[in-house]
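The next block holds one structure in the form of structure tokens; read it before the comments.
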Amino acid sequence: MLVLLIGLQLQAQEIHKRTLKLMGSRFEITVTAENPEKANQYIDTAVSEIQRIERLISSWDPASQTSEINRNAGIKPVVVDPELYNLISRALKISEITDGAFDISYASMDKIWKFDGSMSSMPSEEAIRNSVSKVGYQNIILDPEDHSVFLKKEGMKIGFGAIGKGYAADKAKDLLRSQGVTAGIINASGDMNTWGTQPNGDTWKVAITNPLNKEHAFALLPLEDRAVVTSGDYEKFVKFNGVRYSHIINPKTGYPATGIISATVFAPKAELADALATSVFVMGIETGIDRINQLPGIDCIIVDTNGKVHTSKNIKLDSL
């Protein structure tokens, strides 16, 4: 769990923030500005950009290009805007880097796991196997000539639930910076992207808490023009035969991830941090940390089911 720590000087008038619901999630947008009127203009701009991204990538909106791609699965390629094409292209690269632990075709999975307390037994092996029969990033075919996207299997779907909020945070941040906003935070339901510094010159800082003891933060880390995202199962999980199964499901196997309670990833972009946090959760502690250690500029903190903390090589934890 992430808790943003803001210095006392942030109560001054130059800091302004607004909390609202966007993309079905809680967003908090913080900017520095000369006055409330200017701040509101900046925040309105960020909100409009996030809403634009949602219209582009939403699989719930039948008018979106993403929905058009899904409707034509197994039928024909769909030409899309370069922005959506490039987002899908980057998503496929992350799938390759993570050996399929991240896969936007996860949206094809049958929803056989329930994390609302209604499950009394595990699904059958056959049901689990069938649930991922249409999942596979290798079956997403891109054509750079016309920016078309084709899902090879009928019934395939793509979705951006594990990358969309991070991408929206990146785009809102980039737009605000281009308009002269010198510092701020886009907090997309815990996917945090920062730039600039606090009014007193200090960097933004994030407190990392152990999900098993949310009242106590075990680390305080600076965020210097970086993003941080946490994936966790501390609220959505099921337990069978003494094993805790996360709501984060391995798109290759159909089984929920086990062994990790939370995975926090620091990266230059929220889009990348978002995708990798999910990937680490699926890959597990040893493989996840090893993969993160191979990626320049990326760091992670993992809390396992026993509350033990594991970190990538460049993380230095400062006890609070």
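With a simple spin-label model that places each label point 7 Å from the Cα along the Cα-to-Cβ direction, the separation between Lys313 and Lys152 comes to 3.6 nm.
Based on the alpha-carbon gyration tensor of the stretch 229-292 and its eigenvalue square roots a ≥ b ≥ c, which shape applies: rounded if a/c is under 1.5, prolate if not and a/b is larger than b/c, or oblate? Intermediate results must be reported in sequence, preceding the final value.
Working: a/c = 2.07, a/b = 1.77, b/c = 1.17.
Prolate shape, in that a/c is at least 1.5 and a/b is the bigger ratio.
Here's the list of aspartates and glutamates a cross-link from Lys17 could span, going by alpha-carbon distance under 14 Å and ignoring same-chain residues fewer than 8 apart: Glu28, Glu34, Glu37, Asp44.
Based on the Cβ-Cβ distance of Glu224 and Leu142, what FRET efficiency does E = 1/(1 + (r/R0)^6) give at R0 = 41 Å, to the nearest 0.05?
Values: r = 34 Å, r/R0 = 0.83.
Efficiency for this residue pair is about 0.75.
Between Asp110 and Thr287, what is the FRET efficiency for a Förster distance of 22 Å, r being their Cβ-Cβ separation, to the nearest 0.05? Each step should come with its number before you reach the end.
Working: r = 26 Å, r/R0 = 1.18.
Plugging the Cβ-Cβ distance into 1/(1 + (r/R0)^6) gives 0.25.
Going by the alpha-carbon gyration tensor, a ≥ b ≥ c the square roots of its eigenvalues, is the chain rounded (a/c under 1.5) or, if a/c is not under 1.5, prolate (a/b greater than b/c) versus oblate? It comes out oblate by the Cα gyration axes.
How high is the FRET efficiency between Gln179 and Ala207 when r is their beta carbon distance and R₀ equals 22 Å, given to the nearest 0.05? Walk me through the intermediate numbers first.
On the way: r = 30 Å, r/R0 = 1.35.
According to the calculation, E is roughly 0.15.
Counted by Cβ distance under 14 Å from Asn187, the other residues give a net charge of +4, where Lys and Arg count +1 and Asp and Glu count -1. For the stretch 23-135, lysine pairs separated by 8 or more sequence positions, or belonging to different chains, with Cα-Cα distances below 28 Å total 7.
Take the alpha carbon gyration tensor of the stretch 192-320, find the square roots of its eigenvalues, order them as a ≥ b ≥ c, and report rounded if a/c is under 1.5; if not, report prolate when a/b exceeds b/c, else oblate.
Numbers: a/c = 2.09, a/b = 1.58, b/c = 1.32.
In terms of gyration-tensor shape, prolate.
For the chain, the membrane-span-like helix rule (DSSP H, alpha carbon extent of at least 30 Å along the helix axis, mean Kyte-Doolittle at least -1.0) picks out 36-57; this says nothing about an actual membrane.
At 0.36 nm per residue, minus the direct Cα-Cα distance, what do Asn200 and Asp99 gain on full extension? Give it in nm, one decimal, please. Before the final figure, lay out the partial values.
Details: separation 101, 0.36 × 101 = 36.36 nm, distance 4.34 nm.
The Asn200-Asp99 span can extend by a further 32.0 nm.
Over all other residues within a Cβ to Cβ distance under 14 Å of Arg55, the charged ones net out to -4, with Lys and Arg as +1 and Asp and Glu as -1. With K and R counted +1 and D and E -1, the other residues having a Cβ less than 12 Å from that of Leu175 yield a net charge of 0.
Hey, any idea what % of the chain's accessible area is carbon plus sulfur with a 1.4 Å probe?
Working: 7020 of 14780 Å².
With neighbouring chains kept in place, the figure for the chain is 47 percent.
Note that the stretch 102-114 has calculated 3J(HN,Hα) couplings of 10, 7, 6, 7, 4, 4, 6, 5, 5, 8, 8, 9, 10 Hz, one per residue in order, obtained from phi through the Karplus relation 6.51 cos²θ - 1.76 cosθ + 1.60 (θ = phi - 60°); glycine and proline are x. Sequence-distant contacts, meaning Cα pairs under 8 Å at least 6 residues apart, place the relative contact order of the chain at 19 percent.
The values are calculated or read from the model by the stated rules, or taken from the named source; none is laboratory data. Every value quoted in this text rests on a predicted model; they were computed, and no experiment measured them. Methodologically, a virtual Cβ is constructed for each residue, glycine included, from the backbone with ideal geometry; neighbour enumeration extends over all protein chains shown. Ligands, DNA and RNA are excluded from the accessible area calculation, which covers all protein heavy atoms including side chains. Shrake-Rupley method; radii C 1.70, N 1.55, O 1.52, S 1.80 Å.
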